[in-house]
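The values are calculated or read from the model by the stated rules, or taken from the named source; none is laboratory data. All values reported here derive from a predicted model rather than from experimental measurement. Cβ placement follows ideal geometry from the backbone for every residue including glycine, while neighbour counts extend to all protein chains displayed. In case anyone asks, the SASA skips ligands and DNA or RNA and just uses the protein heavy atoms, side chains included. Shrake-Rupley method; radii C 1.70, N 1.55, O 1.52, S 1.80 Å.
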Amino acid sequence: MAPKSKLHDVITASRATEDGVASDTTPRNSSISEKAGTRRDQQDMMRMGKSQQFQRNFGFVSMLGFTCVLMSTWEGQLTTSTFGAVNGGTGGLIYCYLGTFAGFLAVIASMAEMASMAPTAGGQYHWVSEFAPPRAQRFLSYTTGWICVLGWQTGITSVAFITASQIQSLAVVNNPSYVFERWHTTLILLAVSFVAVVFNTYLARKLPLVEAVVLVLHIGGFLAILIPLWVMAPRSTAAEVFGTFHNGGGWSSMPLAVLVGMLSPVFTFLGPDSATHMSEEIRDASLTLPRTMMWTLIINGSLGFVMLVTFCFCIGDLHALLANPNVLPFVQVFLIATKSHAGASAMTAILITLTTCGCITNVATASRQMFAFARDRGLPFSTFLAYVRPGWDIPLNAIAVSYCVTILLSLINIGSTAAFNAIVSLGTAALISSYIISTSCVLIRRYTGEKLPMARWSLGKFGGPINLIAVMYLSLVFIFSFFPAKAAVTGENMNWSSLIYGATLIFATIWFFVRGRKEYAGPVAYVRKDV
């Protein structure tokens, strides 16, 4: 059993601090009001037992830019669709995309409602702590917190790696004598991540403005790439695009191959919880946050579908595109379409800019999630990681540690690309499992008749069925997230993420019983039911 007296002391001390902060943050002038947010923001923070430490300088438009570029749905169709084209073909890609959109509609709607109930930077692990059955609250919440840390920390490295690969593809196209080296990728990855860190520290106060500008670039860049492909690229027939299925992985059946390739569109819909982890920096978060999440799905989902169908019409001979592993397939499609190195470079530069912006938002999200979990004493060195430097109003230590984690992960690429890919691919399984756990908890609470917190954005009577659809869909995705790219498994193409994911869960469990249960009470311990 956990030493309850120690936990009681921690909770009591925290609540005493919150009482002081709550009275201090009542708006007396404009500067205090800007940090405290609206009266509803203050009530939400008081109910959850948290103090306001960040500036609430994100509005609907800036947050919409933040989430749109982080999910990068249309950009992702160009960078990740090759996997789905090999496992499923163009027909499989398109139909899986539609299924993914429908599945994530239920997922994001479920998360948007939970975000309206509890708009906190903790996100999933907080929701699990508050909504899970009492006996399981602390352990499930603790495990979910570790899973989220794993997912978002590897996400920074993953996005920076994609950006580095795009830059190297341009180098190969424009300079045939260039020799592609793994250590080059690592250095570019670190440079991209460093730019993201600079934006999240020295330029942090300008981040809302940057994200609003990025939203314009996100939509403008879509048109700048789409129009040349429509006008200049050679195209396949509709019958070929919608009726071609491919089993390049050697699976036992075509439907299985299509399901394995489903991960291509899934990857481009990941990250709906990113806005949640920024919720303590959003004005009127309990309403702005769910609206942002749903509009991101609508905008990105629509743009992504148009770009995917366009890319499938222009992809041509897939085997020819895969012949040069040092050049990403979409860069070769640009080159074939424009018949110009300058044109292909300009179009690719748009993607590089947007994926770099995606890395900026990943650093912001990962650092806030780490900060929140440390604030609830879920991580080693929690006091250090939860520190917010006065005057900066950002989790500076969490940002610095996130960059250090990126450095360590990127070094693995020098020794083995297969090992590196196994680690960064963990983000998909980690985030999907956190969505499953949190949505399942609110689903159980609904069907047991227990009262849920008030939500300004509510699913109403449709909440239960939508939650159930979300859990069923996510469970399917979770299973296939551990499948290798080919049925004939070797040490090189094996998906080792299952091993690393399991090892992380084992470590989190051991750490919970060794240390965590003595210090981690879970967010529900600080929730004030009288507010």
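Relative to the longest principal Cα axis of the chain, at what angle does helix 341-375 sit, 0 to 90 degrees, rounded to 10?
Tilt relative to the chain: about 20 degrees.
Label ALA487 and VAL306 with points 7 Å out from Cα along Cα→Cβ: what is the distance between them in nm?
Reported label-point gap for ALA487 and VAL306 is 3.9 nm.
What Rg and what Dmax come out for segment 196-267 when only alpha-carbon atoms are used, in angstroms?
For segment 196-267, the Cα radius of gyration and maximum Cα-Cα distance read 20.0, 53 Å.
Can you give the alpha-carbon Rg of the chain over 2.2 N^0.38 Å, where N counts its residues?
Details: Rg = 22.8 Å, N = 531, 2.2 N^0.38 = 23.9 Å.
Ratio of Rg to 2.2 N^0.38 Å for the chain: 0.95.
Output the relative contact order of segment 238-340, whole-number percent, from Cα pairs under 8 angstrom with separation of 6+ residues.
Across segment 238-340, relative contact order equals 17 percent.
Using the per-residue mean of other Cβ atoms lying within 10 Å as a proxy for protection, in what order, highest first, do the peptides 223-235, 305-317 fall?
Descending mean neighbour count gives 305-317, 223-235.
Would you mind checking segment 473-490 for residues with the amide N under 14 Å from a putative spin-label position 7 Å along Cα→C-beta of SER252?
Those under the cut-off are 487-488.
Please compute the modelled spin-label separation between LEU452 and ARG40, points set 7 Å along Cα→Cβ, answer in nm with one decimal.
1.7
Mind listing the long-range amide H neighbours of ASN247? Cut-off is under 5 Å, sequence gap 5 or more, other chains count too, H placed in the peptide plane at 1.01 Å from N.
Residues meeting the amide H criterion: GLY88.
For segment 376-468, what percent of Cα pairs sit more than 16 Å apart?
Beyond 16 Å sits 73 percent of the P(r) for segment 376-468.
Please find the FRET efficiency linking LEU499 to THR353, where r is the Cβ-Cβ separation and R0 is fixed at 30 Å, and quote it to the nearest 0.05.
0.25
Rounding to the nearest 10 and keeping the result within 0 to 90°, find how far the Cα-based axis of helix 285-314 lies from the longest principal axis of the chain.
Helix 285-314 sits at roughly 10 degrees to that axis.
Suppose all protein chains stay in the model; what accessible area per residue would a 1.4 Å probe give for the chain, in Å²?
38
In what sequence, highest mean first, do 468-477, 255-264 appear when ranked by Cβ atoms within 10 angstrom?
Top of the packing list down: 255-264, 468-477.
Got a sec? Which residues in segment 239-255 would a label at HIS319 touch, if it sits 7 Å along Cα→Cβ and we count backbone N under 15 Å?
Flagged as within label range: 246-250.
May I ask you to compute the full-extension gain from LEU408 to ARG528, defined as 0.36 nm times their residue separation minus their alpha-carbon distance, rounded to one decimal in nm? Could you put the intermediate results ahead of the total?
Numbers: separation 120, 0.36 × 120 = 43.20 nm, distance 4.01 nm.
Computed gain between LEU408 and ARG528 is 39.2 nm.
Relative to the first principal axis of the alpha-carbon coordinates of the chain, what is the inclination of helix 60-71, with its axis defined by its Cα atoms, in degrees from 0 to 90 and to the nearest 10?
Helix 60-71 sits at roughly 50 degrees to that axis.
What is the percent carbon and sulfur in the accessible area of the chain, measuring with a 1.4 Å probe over the protein chains and ignoring ligands?
Carbon and sulfur: 69 percent of the exposed surface of the chain.
Which of the GluC sites (Glu not before Pro) found in segment 430-531 are in a DSSP loop and have at most 15 neighbouring Cβ atoms, other than their own, within 10 Å?
GLU450, GLU492
What area, in nm² and to one decimal, does the C-alpha convex hull of segment 43-122 cast on average over all directions?
Averaged projected area of segment 43-122's Cα convex hull equals 7.0 nm².
If you look at just the Cα atoms of segment 457-531, how large are its Rg and its Dmax in Å?
Rg and Dmax of segment 457-531, Cα atoms, are 19.3, 58 Å.
For segment 39-49, in order, what is each residue's ³J(HN,Hα) by Karplus, 6.51 cos²θ - 1.76 cosθ + 1.60 with θ = phi - 60°, in whole Hz (x at glycine and Pro)?
4, 5, 4, 5, 5, 5, 5, 5, 4, 7, x
For the chain, what does -39500 (n - 2.57) per DSSP helix run (n ≥ 4), summed and divided by total residues, give at 222 nm, in deg cm²/dmol to the nearest 500?
Counting only the DSSP helices, I get -23000 deg cm²/dmol.
Please compute the length gained on full extension between ARG135 and PHE478, using 0.36 nm multiplied by the number of residues separating them and subtracting their Cα-Cα distance.
Extra length available between ARG135 and PHE478 comes to 121.0 nm.
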